[in-house]
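A quick write-up on the structure given underneath.
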Amino acid sequence: PTGGWELYANHRAGSLQSFADQFRRRNLIVSFSVLGILAIGIAFTFLSSERVRALGRMQLEFAAGLSHELRTPLTVIRSAGYNLAVGNVTGSEDVARYGKVLQEQGLRLSDMVEQALLFAQAESGRHQYERTPVELAGVIDKAIDSCGAILSRYPCEIAANIEPALPLAMTEPSALGQCLHNLLMNALKYGRCPGVVIITARKDSTKPEIEIAVENEGPGINHTDLPHIFEPFFRGKNTSEVSGSGLGLYIVKSIVE
């Protein structure tokens, strides 16, 4: 009778109240997701800052420890050199004994400097290794000889068990020798004295690789220390009475990788 039209509109979600509830829930989900991402970002930032702080603290401890470690052999070398220079040492046996002391302390200094240089190379990531075919028996013999000067302090026997007819290995002999030297030094320091340190080289039967293992008769590594032994400057719970910088295994892992 009025001649007009009536228009009915209905949202696909149902009533307007239902649509508003869905919109509100969606906004809440998005808001909580953003807050969650922010919280995760803050947590990662906090963990990263704590890691940087811990690394800085370990570097300071390393610098202090290295300074102390350097002071001891330098003092011994200066004292022995003075006694030899002023003629306080005259007998051939005494001269030989002083010469052995100077050799041991000189090797100790060289080892510290070498470790610091290798650490710097590993951190820079710029050192390139040139791999060539190498006979491992010679590399292993040199690594064993490099530990000869400290065997009087750690009266252990180092035995090599090299598989016969071992093929040549594609490696850099000086880098591999440094790895073996570090592993042997650890085995001597933390092994049982007197005891035996065994270095084994054998061909892997499942793939074209050669496996080298260094084993000692020591107490082993504390299970809580195992996840951290390859971290720079880390030293385990049972190392307080043994001198060291905490870089040996880190350098080995870096060179091998």
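The values are calculated or read from the model by the stated rules, or taken from the named source; none is laboratory data. Keep in mind that this is a model prediction, so the values were computed, not measured. All Cβ positions, even for glycine, are placed from backbone atoms using ideal geometry, and neighbour counts span all protein chains on display. Remember, those area values only see protein heavy atoms, side chains included, never the ligands or the DNA or RNA. Shrake-Rupley method; radii C 1.70, N 1.55, O 1.52, S 1.80 Å.
Would you please give the FRET efficiency between R202 and L107, computed as 1/(1 + (r/R0)^6) with r the Cβ-Cβ distance and R0 = 41 Å, to the nearest 0.05?
Once rounded, the FRET efficiency stands at 0.85.
As a test of understanding, state the convex hull volume per residue of the chain from its alpha carbons, in Å³.
263
What helices in the chain pass both tests, a Cα length along the helix axis of 20 Å or more and a mean Kyte hydropathy of -1.0 or higher, using whole DSSP H runs?
Membrane-span-like by this criterion, though nothing is claimed about a membrane: 16-85, 92-124, 173-189.
Pull up all non-local amide H partners of V134: gap of 5 or more, or a different chain, and H-to-H distance under 5 Å with H placed in the peptide plane.
A169, M170, T171
Treating the beta-carbon of each Lys and Arg as +1 and of each Asp and Glu as -1, no other charges, what is the dipole magnitude of the chain about its Cα centre, to the nearest 20 debye?
That gives the chain a dipole magnitude of about 960 debye.
For the chain, which whole-number percentage of the solvent-accessible area (1.4 Å probe, protein heavy atoms only) is attributable to carbon and sulfur atoms?
Here it works out to 59 percent.
Give me the tail of P(r) for the stretch 132-220 as a percent: Cα-Cα pairs with distance above 20 Å.
That fraction is 34 percent.
Of the residues S152, S49, S31, which exhibits the maximal mean-square fluctuation in a Gaussian network model of the chain defined by a 10 Å Cα contact cut-off?
Maximum among the listed residues: S31.
Note down the nm distance, to one decimal, between modelled labels 7 Å out along Cα→Cβ at S33 and at Q17.
Inter-label distance under the simple model: 2.8 nm.
What's the longest piece of the chain with no exposed chymotrypsin sites (Phe, Trp or Tyr not before Pro), counting a site as exposed if DSSP puts it in a loop and it has at most 16 other beta carbons within 10 Å?
Between the exposed loop sites, the longest stretch runs 9-128.
Given Cα pairs under 8 Å that are at least 6 residues apart, what percent is the relative contact order of the chain?
16
Taking only protein heavy atoms into account and a 1.4 Å probe, give the accessible area per residue of the stretch 86-230 in Å².
61
Report the gain in length on full extension from R78 to K142: 0.36 nm times residue separation, minus Cα-Cα distance, nm rounded to one decimal.
The R78-K142 span can extend by a further 20.1 nm.
Show that you can apply the helix-only estimate: for the chain, add -39,500 (n - 2.57) for every DSSP H stretch of four or more residues, divide by all residues, and state [θ] at 222 nm to the nearest 500.
Taking each H run of at least 4 residues, the total per residue is -19500 deg cm²/dmol.
Once you list every other residue whose beta carbon is under 11 Å from the beta carbon of Y154, what net charge do they have if Lys and Arg are +1 and Asp and Glu are -1?
Within the 11 Å Cβ shell, the charges total +2.
Give the calculated FRET efficiency between E217 and V86 to the nearest 0.05, with a Förster radius of 35 Å applied to their Cβ-Cβ distance.
That gives a FRET efficiency of 0.20.
How do 161-167, 180-186 rank on mean C-beta neighbours within 10 Å, highest first?
Output ranking for 161-167, 180-186: 180-186, 161-167.
At 0.36 nm per residue, and after removing the present C-alpha to C-alpha distance, how many nm does the segment from L60 to S48 gain when stretched out fully?
Difference between extended and current length: 2.5 nm.
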